[in-house]
Amino acid sequence: MRRSGLACEDCGEVVWLSQGGVNVRWLRDREHIVQEVAEHSTSGLETWMQQGLAFLGDHRGHSIVVVSEP
């Protein structure tokens with residue numbers, strides 16, 4: 001199974017998420033929407049979304065790319 005994640009091109013840190021590249025790319029491209037949903041959700045977000053948002057928040061302003069490996 002191919003795994004996908006987010007990588008910060010500025011500092012080299014990578015987070016692997018339990019989703020395919022399409023979903024990881026969707027999260028990166030729509031971070032503002034997911035943040036808004038998280039603020040109004042009482043049941044919480046999927047774990048992979050929480051991990052992705054934390055990574056994106058920690059690397060705000062950096063160049064973030066979606067990575068995959070077999």
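In nm, to one decimal, how far is the Glu46 label point from the Arg30 one, both placed 7 Å along Cα→Cβ?
In this crude spin-label approximation the distance works out to 1.1 nm.
Explain nothing, just the number: dipole magnitude of the chain about its Cα centre with +1 on each Lys and Arg Cβ and -1 on each Asp and Glu Cβ, in debye rounded to the nearest 20.
The dipole of the chain has a size of about 240 debye.
With the crude spin-label approximation of a point 7 Å out along Cα→Cβ, what separation in nm comes out for Glu39 versus Ser63?
For Glu39 paired with Ser63, the spin-label model returns 3.0 nm.
Any chance you could give the angle, 0 to 90 degrees and rounded to 10, that helix 47-58 forms with the longest Cα principal axis of the chain?
For helix 47-58, the angle is close to 70 degrees.
Please give me the summed charge of the neighbours of Val37: other residues whose Cβ is under 13 Å from its Cβ, Lys and Arg +1, Asp and Glu -1.
Summing Lys/Arg as +1 and Asp/Glu as -1 gives -3.
Just so you know, all these numbers are worked out from the coordinates, no wet-lab data involved. Computed from a prediction, not measured in an experiment: that's the story for all the values here. Here Cβ is always computed from backbone atoms with ideal geometry, including for glycine, and neighbour counts include all displayed protein chains.
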